[in-house]
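*Asks:* This structure is in structure tokens; I'll ask about it shortly.
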């Protein structure tokens, strides 16, 4: 039984965050603190618990603690956001506790250099109903994390892996084969992802709406062909610094992406006439 069962999941996550901030606690120390907090919170629950829970759930702005990462509660749903601004505080241990103590998180934003495949595996196992997961800048995360998500989190619609630099085509294939509901995918700075990865996501995610491949230098015209043929619903596409893309690839996009509204081709130096292609009227091109 969850020791924090009387409390909303967001509040449990706040407690975990506070515990993991600063100097790391040993496992025994964390368990002791968890038990003490549980006893205190259970004692207060009947008196002030419902009032605090309703006020906490009503928050729609970031809540910042002194000398700690930013904790964001976007609304009354089970949503948690951690912005590890100091490069500490969010680790595999924190995610393991969060997954063990909460059972209804659907929205999770993480940024922490200490997060690895182990932490993401805990999240995937603990939160199979995740709808949004943003893990930008987790540079120790590999394809194994994408495999965990692909196997256990089929409901995900929005994913941000920006600057997770160890992710590759193989990981993308493992992810999209299981997460067929994805409509937003950010792979900015995932430099090992190339044409094969894009071909897989285009094949499995025809309903994709937003895609960011910025700084994926292995992406070429072949990837543009895959997107043009299979992803006609894309409205926002970022290809910044994808220097291998040429006018031929852009022509494939123009022929297939009829709903495209924003196209970022900044620093795509092999493009000479991006505005001359027959894109939808009103398209915003970022050069």
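*Asks:* Just checking, how many residues over region 104-124 are out of contact with any helix residue (DSSP H, G or I) (no Cβ under 9 Å at 6 or more places or on another chain) and surrounded by fewer than 23 Cβ atoms within 10 Å (Cβ to Cβ)? Give the steps one after another, and end with the answer.
*Replies:* So in region 104-124, the residues out of contact with any helix residue (DSSP H, G or I) (no Cβ under 9 Å at 6 or more places or on another chain) come out as 106-107, 109, 111, 113.
This time we only want the ones that are surrounded by fewer than 23 Cβ atoms within 10 Å (Cβ to Cβ), so: 106-107, 109, 113.
Counting residues in region 104-124 that are out of contact with any helix residue (DSSP H, G or I) (no Cβ under 9 Å at 6 or more places or on another chain) and surrounded by fewer than 23 Cβ atoms within 10 Å (Cβ to Cβ) gives 4.
*Asks:* Considering only residues of region 247-276 that are more than 18 Å from residue 211 (Cβ to Cβ) and in contact with a helix residue (DSSP H, G or I) (Cβ under 7 Å, 6 or more places away or on another chain), which is modelled with the highest pLDDT?
*Replies:* 248
*Asks:* Same structure again: Just a yes or no: is a residue in region 110-127 at negative phi, at pLDDT 80 or above and in contact with a strand residue (DSSP E or B) (Cβ under 6 Å, 6 or more places away or on another chain)?
*Replies:* yes
*Asks:* Name, by its number, the condition in (1) surrounded by fewer than 19 Cβ atoms within 10 Å (Cβ to Cβ); (2) part of a helix (DSSP H, G or I) that does not hold for residue 171.
*Replies:* (1)
*Asks:* For residue 156, are the conditions met, namely being part of a loop (DSSP other than H, G, I, E, B) and within 19 Å of residue 122 (Cα to Cα)?
*Replies:* On the way: part of a loop (DSSP other than H, G, I, E, B): yes; within 19 Å of residue 122 (Cα to Cα): yes.
Yes, satisfied.
*Asks:* Taking the conditions exactly as written (over 22 Å from the mean Cα position of the chain (by Cα) and crowded, with 23+ Cβ neighbours inside 10 Å), does residue 253 satisfy them or not?
*Replies:* Values: over 22 Å from the mean Cα position of the chain (by Cα): yes; crowded, with 23+ Cβ neighbours inside 10 Å: yes.
So residue 253 fits the description; yes.
*Asks:* I've got another one for you. Determine whether residue 136 is at pLDDT 85 or above, under 14 Å from the mean Cα position of the chain (by Cα) and over 24 Å from residue 236 (Cα atoms).
*Replies:* Details: at pLDDT 85 or above: yes; under 14 Å from the mean Cα position of the chain (by Cα): yes; over 24 Å from residue 236 (Cα atoms): no.
So residue 136 fails the test.
*Asks:* Within region 189-198, can you find the residues that are buried (at least 21 other Cβ atoms within 10 Å of the Cβ) and part of a loop (DSSP other than H, G, I, E, B)? Break it down into steps so the answer makes sense when it comes.
*Replies:* Of the residues in region 189-198, the ones buried (at least 21 other Cβ atoms within 10 Å of the Cβ) are 189-190, 193-194, 197-198.
Passing the criteria: 189, 190, 193.
*Asks:* Moving on. One residue is enough: does region 244-253 have a residue meeting the conditions in a loop (DSSP other than H, G, I, E, B), more than 22 Å from residue 135 (Cα to Cα) and out of contact with any strand residue (DSSP E or B) (no Cβ under 9 Å at 6 or more places or on another chain)?
*Replies:* The first filter runs over region 244-253 and keeps only residues in a loop (DSSP other than H, G, I, E, B), leaving 244-246.
Adding the requirement that they be more than 22 Å from residue 135 (Cα to Cα) leaves 244-246.
Going one step further and asking which of them are out of contact with any strand residue (DSSP E or B) (no Cβ under 9 Å at 6 or more places or on another chain), we end up with 245-246.
For region 244-253, residues in a loop (DSSP other than H, G, I, E, B), more than 22 Å from residue 135 (Cα to Cα) and out of contact with any strand residue (DSSP E or B) (no Cβ under 9 Å at 6 or more places or on another chain): present.
*Asks:* Taking into account only those residues within region 139-153 that are at pLDDT 95 or above and assigned to a loop (DSSP other than H, G, I, E, B), which is nearest to residue 199 (Cα to Cα)? Steps first, answer last, please.
*Replies:* Within region 139-153, the subset at pLDDT 95 or above is 141-153.
Okay, now just the ones that are also assigned to a loop (DSSP other than H, G, I, E, B), so 141-142, 153.
Details: 141: 22, 142: 20, 153: 21 Å.
Only one residue fits best here, namely 142.
*Asks:* While we're on this one: Out of curiosity, is residue 201 assigned to a strand (DSSP E or B) and crowded, with 21+ Cβ neighbours inside 10 Å? Reasoning before the result, please.
*Replies:* Numbers: assigned to a strand (DSSP E or B): no; crowded, with 21+ Cβ neighbours inside 10 Å: yes.
Here the answer is no, as residue 201 does not meet what is asked.
The values are calculated or read from the model by the stated rules, or taken from the named source; none is laboratory data. Values in this document were obtained by computation on a predicted structure and should not be read as measured data. Cβ atoms come from the backbone with ideal geometry, glycine included; neighbour counts cover every protein chain shown.
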